[in-house]
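Okay, structure first, notes after.
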Amino acid sequence: MAEATTKSPLRKTAPEQWREKARPFERSCDFRASWQLLNSVVPYVLVWILIYFALSLFWWLVAPLALLAGILLIRIFIIFHDCGHGVFFTSRWANQSVGFFCGLLVFTPYRQWHRDHADHHATAGNLDGRGPGEVWTMTVEEFRTAPVWKQRIYRLMRNPFLLFGVVPALFFVVLQRLPMRASSRPLKQSIWIMNLAVLVYVSLMIGVFGVGPYLMIQSIVIAVAGGAGFWLFYVQHQFEAVQWKRTEDWSYTDAALHGSSYYKLPRVLQWCTGNIGFHHVHHLFPRIPNYHLEKCHAALPVLQEVPVITLASSFSTLDFKLWDECSKRLVRFCDVESSDTRQGDSDRPMVVED
């Protein structure tokens with residue numbers, strides 16, 4: 001359950017005043033960005049070098065090292081993410097170059113992902129804006145009126161093993177390779193260019209490690225980074241206190257403060273995930289690079305009033321499957337089933353005995 005937070009007088013101030021207070025944190029710092037790039041990519045490369053030697057000397061170290069590489073890849077994805085927002089470096093060229101390079105490491109086309117992610121920011125928390133870039137979430141009414149086959153598929157897709165295991169692997173390895181999902185010719189071209197770069201990269205890695213060892217190692221890396229990435233995205237938008245609204249009642253500010261959580265992680269995990277736990281700050285002020293998010297959170301009391309999800313409490317979010325528009329909260333499948341049972345009982349004719 002989200003932790004309680006205290007009320008702040010800043011809540012009564014206008015969002016324009018929040019922006020003024022947040023503006024200093026929107027300044028990109030090339031030194032901070034360069035240091036973060038070095039302390040993320042260099043260890044990632046070193047781990048792969050260690051894996052190469054471990055294959056012939058200490059094979060039992062290969063899996064743990066691949067796990068570590070996957071964790072580092074999460075941090076690299078956050079750099080890729082910030083470059084997509086154009087905020088990691090001060091230079092547009094630097095953001096695009098580093099974004100493409102990091103996109104290669106995470107098997108994700110830079111320009112297409114940036115376009116999809118912009119849609120996510122524009123519609124997060126909007127029930128009418130749910131699309132392919134979101135975790136598939138049905139309302140209770142939609143689920144009740146859906147055909148049985150669709151209900152079964154939905155239940156299957158909300159299974160944690162599929163949602164954080166199979167789906168991320170398919171997303172990064174297969175779906176990201178498909179140019180037909182792009183909405184314009186330049187975006188399609190960007191996907192083809194990334195596909196070519198991935199082909200060259202994978203071919204070189206296979207030449208060094210061999211087909212079998214590389215595929216095994218890369219599978220572990222993708223499973224860890226992709227699964228954790230999907231988990232972060234899920235838990236920061238699908239928690240008990242989340243608020244979703246229809247278009248007529250939706251606003252960007254409310255969606256950022258009530259539709260995104262503060263995922264309060266231990267320091268080491270906060271470092272590994274590039275401060276993305278301050279997700280409410282990121283959604284309210286997407287121009288703030290990840291290395292300034294914590295400082296902005298500490299500087300604006302209004303940002304400290306949002307729902308707080310801890311590592312321990314975050315696992316309870318797995319229970320929530322459907323959005324109930326009547327109670328305006330996420331509910332479990334069993335809640336809907338018990339409600340349907342009670343409704344069925346109330347619809348039965350009353351039997352009066354003599």
Quiz item: Looking at (1) part of a helix (DSSP H, G or I); (2) modelled with pLDDT under 95, can you tell me which one Val202 breaks?
Solution: (2)
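Tell me the residue from Phe320, Phe315 that is farther than 25 Å from Ala118 by Cα and surrounded by 18 or more Cβ atoms within 10 Å (Cβ to Cβ), please. Even if it seems obvious, please write down each step before you answer.
Values: Phe315 fails: surrounded by 18 or more Cβ atoms within 10 Å (Cβ to Cβ).
After applying the criteria, what remains is Phe320.
Take the conditions in a helix (DSSP H, G or I), hydrophobic (A, V, I, L, M, F, W, C) and in contact with a helix residue (DSSP H, G or I) (Cβ under 7 Å, 6 or more places away or on another chain) and apply them to Leu170. Does it pass?
On the way: in a helix (DSSP H, G or I): yes; hydrophobic (A, V, I, L, M, F, W, C): yes; in contact with a helix residue (DSSP H, G or I) (Cβ under 7 Å, 6 or more places away or on another chain): no.
Against the criterion (in a helix (DSSP H, G or I), hydrophobic (A, V, I, L, M, F, W, C) and in contact with a helix residue (DSSP H, G or I) (Cβ under 7 Å, 6 or more places away or on another chain)), Leu170 does not qualify.
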Quiz item: Out of (1) touching a residue at least 40 places away in the same chain (Cβ under 8 Å); (2) of a type in the set (D, E, K, R); (3) surrounded by fewer than 19 Cβ atoms within 10 Å (Cβ to Cβ), what's the single condition that is false for Arg92?
Solution: (1)
Quiz item: Checking Ala228 against (1) surrounded by 13 or more Cβ atoms within 10 Å (Cβ to Cβ); (2) farther than 30 Å from Phe320 by Cα, which single condition isn't satisfied?
Solution: (2)
Quiz prompt | Considering residues of the stretch 225-254 that are more than 16 Å from Arg329 (Cβ to Cβ) and small (Gly, Ala, Ser) only, the residue modelled with the lowest pLDDT | solution = Ser251
Quiz item: Of all residues in the stretch 101-119, how many are surrounded by 19 or more Cβ atoms within 10 Å (Cβ to Cβ), modelled with pLDDT of 95 or more and in a helix (DSSP H, G or I)?
Solution: 3
Exercise. Give the residues of the stretch 120-152 that are in a helix (DSSP H, G or I) and β-branched (Val, Ile, Thr), sorted by residue number.
Key: Thr123, Val140, Thr145, Val148
Quiz item: How many residues are more than 15 Å from Leu105 (Cβ to Cβ), hydrophobic (A, V, I, L, M, F, W, C) and touching a Phe, Trp or Tyr at 6+ places or on another chain (Cβ under 9 Å) when one looks only at the stretch 159-209?
Solution: 8
Quiz item: (1) closer than 23 Å to Leu199 by Cα; (2) polar (S, T, N, Q); (3) within 22 Å of the chain's Cα centre (by Cα): which one isn't true of Thr137, the others all being true?
Solution: (1)
Self-check item: Flag for Phe31 being over 30 Å from Asp319 (Cα atoms), crowded, with 20+ Cβ neighbours inside 10 Å and modelled with pLDDT of 90 or more
Solution: no
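Only residues that are polar (S, T, N, Q) and under 20 Å from the mean Cα position of the chain (by Cα): list them for the stretch 140-178, please. Talk me through it step by step, then tell me what you get.
Restricting attention to the stretch 140-178, the residues satisfying the condition of being polar (S, T, N, Q) are 145, 151, 159, 176.
Result: Asn159, Gln176.
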Quiz item: How many residues, within the stretch 233-246, are buried (at least 22 other Cβ atoms within 10 Å of the Cβ) and within 14 Å of Ile78 (Cβ to Cβ)?
Solution: 1
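Would you mind stating whether Ala124 is under 16 Å from the mean Cα position of the chain (by Cα) and closer than 30 Å to Val221 by Cβ? Give the steps one after another, and end with the answer.
Working: under 16 Å from the mean Cα position of the chain (by Cα): yes; closer than 30 Å to Val221 by Cβ: yes.
Judged against the criteria, Ala124 is a match.
The values are calculated or read from the model by the stated rules, or taken from the named source; none is laboratory data. Since this is a predicted model, take the numbers as computed values, not measurements. Cβ sites come from the backbone with ideal geometry, for glycine too, and all protein chains shown count toward neighbours.
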